[in-house]
Amino acid sequence: MLLKIAGVCAALASVTLPAAAQYVLGSPNGTLNSDTWSLDSSNMSGFRGAITNPSYFGPSGTVNKPISVVDLTSITPTTLAGLNGFMEPWWNNTQSAPYQSAIISAFRSGMDLWLLEDDSGHNGIGTALGIVSSTADGTPSNGSAPFFNGRFGTATNTATFGAFDQFNPTTILALGGTIGGMNSSGQVTIAYWAKGAFAPGSGALVIFSDVDMISNWNQNPYSPSLNANGILALNTMAYFVAVPEPSTFALLGLGGVVVLVLRRRRR
């Protein structure tokens, strides 16, 4: 029996995992989101360039999974079905209103969701999900893993610019979420839900109180090197995409069988 277990362990050690599949991130294009913070706008070009940089996200990058960005010209259940995640970067409530139902339905069915909502005029999806927000004071934000301490380093005193909000901590906790970041005044600036935490079968959800924590409107946090805001942005992207492939889960399951056999053997 022990020889058989040793053989299984040797087989596990010799397995080469297949290359990671890409993570497809969709977002409304500049026609659907005309406030110049869509992912095809100059204000978000630094972020877009960073997450599609193979040195950061790719087979030999910091995170072993490439990211493909899709600028959606229409938002329907069909176009959303092909996405792993959806990003809402500071989207006017009037423009987002016709699409909120489809986006929330896709999220509840497993699509990840990253919301960047600064103010009461640009928080339509968050409000529809019951995530209450109000004006914040804009002081620097800090926190711990997975966003302020992650695959791309440690982010300290991440800055906000322009308009910025805060989230009600009681609401976050009541909805099953976790506080991910707070500013110097103790106001919640980042909240998140793991897959299935917001609702059974839902995707992962992260909400930021300021799009400019990751944009390059006031600064370029990605060039010539990552600053605190750039590290925060890429750590957050890694939170969404750095998950084991199905083949890895199968191997982990086989490893669990080995452990179970060993336990039974000891008994």
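With the requirement that a residue be of a type in the set (A, V, I, L, M) and assigned to a loop (DSSP other than H, G, I, E, B), what does the stretch 141-175 give you?
Once the filter is applied, which keeps residues that are of a type in the set (A, V, I, L, M) and assigned to a loop (DSSP other than H, G, I, E, B), the stretch 141-175 yields A145, A155, A159, A163, L175.
I need the full set of residues from the stretch 187-242 which are closer than 14 Å to L116 by Cα and without any contact (Cβ under 8 Å) to a residue 60 or more places away in the chain, in order please.
Result: V188, T189, I190, Y192.
Of these, D35, D40, which one is modelled with pLDDT of 95 or more, under 29 Å from the mean Cα position of the chain (by Cα) and among the acidic types (D, E)?
On the way: D35 fails: modelled with pLDDT of 95 or more.
None of the other options fit; the residue is D40.
Go through the stretch 70-101 residue by residue and tally those that are aliphatic (A, V, I, L, M) and surrounded by 17 or more Cβ atoms within 10 Å (Cβ to Cβ).
Within the stretch 70-101, the first condition is being aliphatic (A, V, I, L, M), and the residues that meet it are 70, 72, 75, 80-81, 83, 87, 97.
The next check asks that each one be surrounded by 17 or more Cβ atoms within 10 Å (Cβ to Cβ); those that pass are 72, 75, 80, 83, 87.
Of the residues in that region, 5 qualify.
Right, I104: surrounded by fewer than 22 Cβ atoms within 10 Å (Cβ to Cβ), hydrophobic (A, V, I, L, M, F, W, C), within 17 Å of the chain's Cα centre (by Cα) and closer than 24 Å to N92 by Cα or not? Break it down stepwise before answering.
Numbers: surrounded by fewer than 22 Cβ atoms within 10 Å (Cβ to Cβ): yes; hydrophobic (A, V, I, L, M, F, W, C): yes; within 17 Å of the chain's Cα centre (by Cα): yes; closer than 24 Å to N92 by Cα: yes.
Spelling it out, I104 is indeed surrounded by fewer than 22 Cβ atoms within 10 Å (Cβ to Cβ), hydrophobic (A, V, I, L, M, F, W, C), within 17 Å of the chain's Cα centre (by Cα) and closer than 24 Å to N92 by Cα.
If I filter the stretch 25-61 down to residues being buried (at least 17 other Cβ atoms within 10 Å of the Cβ) and hydroxyl-bearing (S, T, Y), which single residue comes out as nearest to D119 (Cα to Cα)?
The qualifying residue nearest to D119 (Cα to Cα) is S38.
Give the residue that is farthest from W90 (Cα to Cα), with candidates limited to residues of the stretch 207-227 that are among the hydrophobic types (A, V, I, L, M, F, W, C) and surrounded by fewer than 24 Cβ atoms within 10 Å (Cβ to Cβ).
Kept after step one, since they are among the hydrophobic types (A, V, I, L, M, F, W, C), are these residues of the stretch 207-227: 207-208, 211, 213-214, 217, 226.
Now restrict to residues that are surrounded by fewer than 24 Cβ atoms within 10 Å (Cβ to Cβ): 217, 226.
Values: W217: 12, L226: 22 Å.
Once the filter is applied, the top-ranked residue is L226.
Which ones in the stretch 112-136 are in a strand (DSSP E or B) and either of a type outside the set (S, T, N, Q) or without any contact (Cβ under 8 Å) to a residue 60 or more places away in the chain (or both)? Quick ask: steps written out before the conclusion?
Pass one, the stretch 112-136, residues in a strand (DSSP E or B): 112-116, 133-135.
Listed by number, the residues that qualify are D112, L113, W114, L115, L116, S134, T135.
Give the residues of the stretch 44-98 that are more than 16 Å from the chain's Cα centre (by Cα) and either modelled with pLDDT under 95 or among the acidic types (D, E) (or both), sorted by residue number.
Within the stretch 44-98, D71, G82 qualify.
Per-residue answers, yes or no, for (1) assigned to a loop (DSSP other than H, G, I, E, B); (2) within 14 Å of V24 (Cα to Cα):
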site: L39; (1), (2): yes, yes
site: K65; (1), (2): yes, yes
site: I75; (1), (2): yes, no
site: T78; (1), (2): no, no
site: Y99; (1), (2): no, no
site: I104; (1), (2): no, no
site: G110; (1), (2): yes, yes
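The values are calculated or read from the model by the stated rules, or taken from the named source; none is laboratory data. The structure presented is a predicted model; accordingly, all values stated were derived computationally and were not measured. Glycine gets a Cβ as well: all are built from the backbone with ideal geometry, and neighbour counts include every protein chain shown.
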